[in-house]
Amino acid sequence: MELSSLFKKSKLFLGNQATESNLLSIENKVILKDGDILSFATHAFTDKTNFSSEHGLVLTPPESLTFENDGLLTTSEISELNLNSELVILSACNTSSEENRYAEGY
């Protein structure tokens, strides 16, 4: 919350707001597209954690899991987003994992 206070305009997703479906809603896709800086402070996972065959971020899980809303924002889902951000900050476990040292931008 302190980070968001440094900016004149910010959108903060906490707890039950930090869901995959909320983040990927039409309204919030516009926020993601227009944001200069995106910051994620959450858990991360790698393909070795058995959540998925991909890497990604763990969001607040939904009450009912669906294919589109499983609480995991995978690298393939992230790659489909229209992001114009100058900077994306990942503050999560595994984001600087030894196995990702050659994956620039991960």
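The values are calculated or read from the model by the stated rules, or taken from the named source; none is laboratory data. Not measured: the values here are computed from a predicted model. Surface accessibility is based on the protein's heavy atoms, side chains included, excluding ligands, DNA and RNA. Shrake-Rupley method; radii C 1.70, N 1.55, O 1.52, S 1.80 Å.
Listed values, structure above:
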read-out: Accessible surface of segment 33-88, 1.4 Å probe, proportion on carbon and sulfur as whole %; value: 50 percent
read-out: For segment 12-86: span of alpha carbons on each principal axis (Å, largest first); value: 33, 24, 21
